[in-house]
Amino acid sequence: MSRTIPALIVLLFIGLAACTPPEKITFSEENLFPEGIAYDAKRGHFLVSSLRRGDIGQVNDAGDYEVFITDDRLVSAIGLHLDAQRDRLIVMVSDPGVSVKTDPETQRKLAAVAIYSLESGQELFFENLASEDGYHFANDATVDSAGNIYVTDSFSPVIYRITPDYQFSEFLRDEDLAAEGFGLNGIAFVGGHLIVARSDVGQLLRVPLDNPADYTTVALESELRDADGLVLMSDGRLIVITNGSSGAESGAHVLRSTDDWQSARIVRTIERDWEFPTTGTIREGHVYVLSARLNQLFGSENPSVPSFDIFRIN
């Protein structure tokens, strides 16, 4: 019996190691420059966007990359939101001027959303949501329990809404939210309201679904400068990823609220050897963060980056 117990323990640890997702996935796809990431649990792979090429690709645990969706209208594919309940992928489409498909007609004027079937890749919806002249940049999206989609515009003080039957409108517009650079960014549906990141001032907004004009600022102990993607955990914690674009430290900040997000406390900050992390996704209860290396895209006329990383954070 004494020999059997150690053997069982060894087998248990081997089994646990086999079930644990990888700590880091490196995929080689030169100058892809992904900004958005999602995990498709049904098919067992990550989906990543591309600012440079506009493609949507699949990445497995071995780091193999394969194109999933290619569309000439995807100038720069930005944030991704996987709506598992409806088996669809929501893609934010913009043109910040760094794509091989950049055009004067669309540069800084595009705030489009494309929606595709995850099963077939078939297009379900495509529309430029921008309703007026000026600068626009569709950045991130979330979906409420009724199937409404909410989209942030980083260059305009607007949150758009797309209904389940694909009618779109401005959900919130407020000039007080205007920014010189990137303003509204990551967004998450939490109960009866949205939590929205403001990159420029390091704030989080709490926006009620029934009265968006009555939004408030979440009281925080310190600013979350360069706040980018938001990842909501099943236990109610919110992960805020800061990309460090203004020179502040990049990281993944774990927030918890005990008053329905009137205020929140940063309970942990995680820093890794990532380069310009943008956002993250959940896989089997683990949070994975994308190291997008966008500083090398915006900082060079001829970037040359051979690979990109996806990190698991504990």
Fewest Cβ neighbours within 10 Å first, please rank Phe171, Phe33, Phe276 accordingly. Phe171, Phe276, Phe33
Just going by the charge dipole of the stretch 25-313, with Lys and Arg at +1 and Asp and Glu at -1 on Cβ, which of Ser246, Thr142, Gly191 is farthest out on the positive end? Gly191
Please give me, ordered by residue number, the trypsin sites (Lys or Arg not before Pro) of the stretch 39-85 that lie in loop per DSSP and have at most 13 other Cβ atoms within 10 Å. Lys42, Arg43
Note the angle between two axes, namely the Cα long axis of helix 4-19 and the longest principal axis of the Cα atoms of the chain, as a number of degrees from 0 to 90, rounded to the nearest 10. 20
Which is the longest run of the chain containing none of the GluC sites (Glu not before Pro) found in DSSP loop states (not H, G, I, E, B) with at most 15 other C-beta atoms within 10 Å? 31-104
Rounded to the nearest 20 debye, dipole of the stretch 25-313 from Cβ charges on Lys, Arg, Asp, Glu: 560
Determine ³J(HN,Hα), in whole Hz, for all residues of the stretch 77-92 in sequence, where each value follows from phi through the Karplus function 6.51 cos²θ - 1.76 cosθ + 1.60 and θ = phi - 60°; x replaces Gly and Pro. 7, 9, x, 10, 10, 8, 8, 5, 4, 10, 6, 9, 10, 9, 10, 8
Largest-first principal axis extents of the Cα set of the stretch 25-313 (Å): 44, 40, 37
Hey, can you grab everything whose amide H is under 5 Å from the amide H of Arg283? Only 5+ residues off in sequence or another chain; H modelled, so Pro and N-termini drop out. Tyr288
Using the number of other C-beta atoms within 10 angstrom as an exposure proxy, rank Val100, Val190 with the fewest first. Val100, Val190
Is it possible to state the helix-based mean residue ellipticity at 222 nm for the chain, with each DSSP H run of 4+ residues giving -39500 (n - 2.57), the sum divided by total residues, to the nearest 500 deg cm²/dmol? What is it? -2000 deg cm²/dmol
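The numbers here are math on the coordinates, done by the rules we state, and not lab data. All values reported here derive from a predicted model rather than from experimental measurement. Note: ideal-geometry Cβ built from the backbone for every residue, glycine included; neighbour counts use all protein chains shown.
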